[in-house]
Amino acid sequence: MTASNKTKENIAKAFVALTEQKPINKITVREIAAKSDVTTVTFYNYFLDKYDLAIWLHVKETKKIMAKINGRYEWKNTLLEGLRYFAKNRNFMLNALNHTGGHNGFLRRVERINEELLTAEIKKKFEKKTLPLDIQYAIKVYCAGTVRVLFDWLVYGMPVPVEDLAKYFEESLPQPLHRFLLRDAKPRHAED
């Protein structure tokens, strides 16, 4: 791990530890910097603000999970791993959800990030730079729905086991996405 990556990781760990103690909107960059033994200038060299840091944490973990979809990893396993990550980090996720509102709130940003990452994975399988409109909307609807159900699941105490929720998310996958994400489905190449 490079020194730059190690610094980012230390800042992130300090931030997560602080979110266990108080709401994100009450945490200052100065506190995050002090807890991670860096200056506020160093913090700003890596992140725009604490909300950017919260999103970076989500993107980093989601990219790791999504990168496994390369044909050898079943979609259900991807969902299961993602749900386990959210369950493990429930307090942080709820803190981010409850204390980052508005148009660019955590929920909306997670929806957009998941949509972007899923689009990138499907483009790789599709072997095209742009996706047909039906695929784009299927991705958009699926990500919006699953993220909202995911956050409801976190907010209301996770009454459904992780394995069952992963199964429900897999079963709710829109038909146009089956050929890209389900193991037995064959990808087809679209005409330009």
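Taking 7 Å steps out from each Cα toward its Cβ at E163 and Y44 produces label points 5.1 nm apart.
What region 25-127 shows is 52 Å² of accessible area per residue, with the surface traced by a 1.4 Å probe over protein heavy atoms. Taken one residue at a time, the phi angles of region 23-34 give Karplus couplings (6.51, -1.76, 1.60, θ = phi - 60°) of x, 4, 5, 9, 8, 9, 4, 4, 5, 4, 4, 4 Hz. Gly and Pro are set to x.
Sequence-ordered 3J(HN,Hα) estimates for region 52-63 from the Karplus curve with 6.51, -1.76 and 1.60 and θ = phi - 60° stand at 4, 5, 4, 5, 4, 4, 5, 4, 4, 5, 5, 4 Hz, glycine and proline given as x.
Working from Cα pairs under 8 Å separated by at least six residues, relative contact order for the chain is 23 percent. For the chain, the Cβ-based charge dipole about the Cα centre amounts to some 380 debye (Lys, Arg positive; Asp, Glu negative; other atoms uncharged).
Listed values for region 115-129 are Karplus-derived 3J(HN,Hα) couplings in whole Hz (6.51 cos²θ - 1.76 cosθ + 1.60, θ = phi - 60°), namely 4, 5, 5, 5, 4, 4, 5, 5, 4, 4, 6, 7, 6, 9, 7, and x replaces Gly and Pro. Shown are K63, K129, K76, whose ranking by accessible area with a 1.4 Å probe and every protein chain present, most to least, is K129, K63, K76. Take 105-111, 31-37 and order them by the average number of nearby Cβ atoms within 10 Å per residue, most first; the result is 105-111, 31-37.
With all protein chains present, how much of the accessible area of the chain (probe radius 1.4 Å) comes from carbon and sulfur, to the nearest whole percent? For the chain, the apolar C and S fraction of the accessible surface comes to 51 percent.
The values are calculated or read from the model by the stated rules, or taken from the named source; none is laboratory data. Keep in mind the model is a prediction, meaning the values are calculated, not measured. Because the Cβ atoms are built from the backbone with ideal geometry, glycine has one as well, and the counts that use them run over all protein chains shown. Ligands, DNA and RNA are excluded from the accessible area calculation, which covers all protein heavy atoms including side chains. Shrake-Rupley method; radii C 1.70, N 1.55, O 1.52, S 1.80 Å.
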